[in-house]
Amino acid sequence: MATFSFKSVGVTQIDVQTNTLNATKTPVGILTPLKLSTTDGLFVMSYSLVEQINDNLKNLLLTNWGERLELYDFGANLRPLLSELATDQDFGTQAIQRISAAVSKWMPYIELDDFIVNTINTGNKNLAIKDITITYDVPSLNVQKKSLNVRLYAL
């Protein structure tokens, strides 16, 4: 009568297939604003390139020059433009130029399609609020007509 120990069996083919199917996804990056994760890791992470590109583009649009350490000209620098309280036509023209320049420098894999600016009237002449909606494509990932909406405030 032969006796065997289960310790010497090793890993079976079924175990390999099961572990492969149950493998966790690799995160692409950290989503902003930072939030503590309740499932895995310290912060909430993005698991798709499209989601991370959208978050990075949002950060590029909301960042002004001088806010990023050692990268003085990172960002679209829209808040100073908004605080000048320029007319809607001037704001739209200058904003699209700044956004286009920032995207071509920092995120050249994005192709900008549409640009819409909406002014929100608050009744307070010292408060300017603009909603900017941008539609873009990422040809290398076959992503088309992805849109992003950001809101800018200036006192």
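The values are calculated or read from the model by the stated rules, or taken from the named source; none is laboratory data. Please read all numbers here as calculations on a predicted model, not as lab measurements. Neighbour counts run over all protein chains shown; Cβ positions are idealised from the backbone, glycine included.
Which of the residues spanning the range 115-140 are in contact with a helix residue (DSSP H, G or I) (Cβ under 8 Å, 6 or more places away or on another chain) and either farther than 22 Å from residue 101 by Cα or among the charged types (D, E, K, R) (or both)? Within the range 115-140, 119, 128, 130 meet the criteria. Residues that are buried (at least 16 other Cβ atoms within 10 Å of the Cβ) and either in contact with a Pro (Cβ under 8 Å, 6 or more places away or on another chain) or in contact (Cβ under 8 Å) with a residue 60 or more places away in the chain (or both) within the range 112-142 comprise 132, 134, 136, 138, listed in sequence order. The set of residues in the range 38-55 that are in contact (Cβ under 8 Å) with a residue 40 or more places away in the chain and either surrounded by fewer than 16 Cβ atoms within 10 Å (Cβ to Cβ) or small (Gly, Ala, Ser) (or both) comprises 49, 50. May I ask you to verify whether residue 75 is surrounded by fewer than 16 Cβ atoms within 10 Å (Cβ to Cβ), on the phi > 0 side of the Ramachandran plot and among the small types (Gly, Ala, Ser)? In short, no. Looking across the range 60-102, just one residue is assigned to a helix (DSSP H, G or I), at pLDDT 90 or above and over 16 Å from residue 112 (Cα atoms), and that is 62.
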